[in-house]
Amino acid sequence: MLKRALLCSALCTATPVLSQDQSFDDTFKQLSDRRWHVAHYDFRHPSFDTDWRRARVRIHHGLRLSLAPHTEGLNRFAGGSIRTLETLHYGRYSVQIQPAKGDGLVTGFFTYTGPYYGTRHDEIDIEFLGKDTTKLHVAWFVDGQLRERDIPLGFDAATCLHTYEFDWHPKGIDWHVNGSKVFGIDAHIPRIPGRLYANIWAVDPSIAHWAGQADPALQVTSVIKSISFRPYQTPDS
């Protein structure tokens, strides 16, 4: 998670993306290189003990993102990460996912933009901490400032597929689980369009208090059956 506060005022008032052309419902029969970029590089970040490798992303009865130890990078683990080529804005973001279980592990589905893309850091997260997959971790960044909540699910997300969504609109964000709203905000809302990511990673030991300590031999896989996006529609559209 990157932190920096730089943005020109024009971006702060960017017009919401309303085009239906950006709608998609990807069931991952194959991985489209017209929609998704697969990360493949060593990742230098204080919170991550994970480099990104294409071999950790594959199609098999859906999209599979895996994590395993490796010795050919900056970090102890290699994980899978994809992101959209296009930026997306207000709308409904949905994922049908079975996250992985394990201390020190995070499975994520989120929008992100930040200094690498020439903007301030705005982000909206659905995350599963592998140390306790009976909870949904929701988070949002506005100009690099983090806010977060843990939401009890009433089931173990790592045992089977469920649907998780967030509705991002000009007046707030609402998170949903299997069609039911579980949390919402109406202040301190991200405003900048970002790319949509899905990934799996092991945390650096320095933040073990948050997500636990990963076993050096940890090998896990998360399964994504579908990802969809529907742009926000104005009341008169």
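Computed from the C-beta positions of His188 and Thr163 and an R0 of 25 Å, the FRET efficiency is 0.45 to the nearest 0.05.
Karplus-based coupling profile of segment 187-199, in residue order and whole Hz: 8, 6, 9, x, 10, 8, x, x, 8, 8, 10, 9, 7, with θ = phi - 60° in 6.51 cos²θ - 1.76 cosθ + 1.60 and x standing for Gly or Pro.
Please give the length that would be gained between Leu146 and Thr27 if that part of the chain were fully extended, namely 0.36 nm times their separation in residues minus their C-alpha to C-alpha distance (nm, one decimal).
39.7 nm
Per-residue ellipticity at 222 nm computed for the chain from its helices equals -500 deg cm²/dmol, with DSSP H segments shorter than 4 residues left out and the rest contributing -39,500 (n - 2.57). Take every Cα pair under 8 Å whose residues are at least 6 apart in sequence, average their separation, divide by the length of the chain, and the relative contact order is 30 percent.
Simple point charges give the picture: +1 on the Cβ of Lys and Arg, -1 on the Cβ of Asp and Glu, and for segment 78-207 a dipole about the Cα centre of about 180 debye. This model, with +1 at the C-beta of Lys and Arg and -1 at the C-beta of Asp and Glu, gives the chain a dipole about its Cα centre of some 380 debye.
Over 21 Å between C-alpha atoms is what I'm after, so list which of Lys29/Lys101; Lys101/Lys225; Lys101/Lys135; Lys29/Lys181 land there. Too far apart for the 21 Å limit: Lys29/Lys101; Lys29/Lys181. Sort out for me the Cα centre separation of segment 150-215 from segment 30-87, rounded to whole Å. Taking the Cα centre of segment 30-87 as reference, the centre of segment 150-215 is 19 Å away.
Rounded to a whole number, what % of the accessible area of the chain do carbon and sulfur atoms account for, probe 1.4 Å? Answer for the chain is 49 percent, counting heavy atoms of protein chains only.
Here are labelled values, [x] 51, 39, 38; [y] 50, 44, 35; [z] 54, 36, 35, and one is the computed Cα extents along the principal axes in Å for what I pasted. Which one? Identified label for the calculated read-out: [z].
The values are calculated or read from the model by the stated rules, or taken from the named source; none is laboratory data. Just so it is clear, the structure is predicted and the values come from calculations on it, not from any experiment. Cβ atoms come from the backbone with ideal geometry, glycine included; neighbour counts cover every protein chain shown. Ligands, DNA and RNA are stripped out before the accessible areas are found, and what is left, the full protein with its side chains, is counted by its heavy atoms. Shrake-Rupley method; radii C 1.70, N 1.55, O 1.52, S 1.80 Å.
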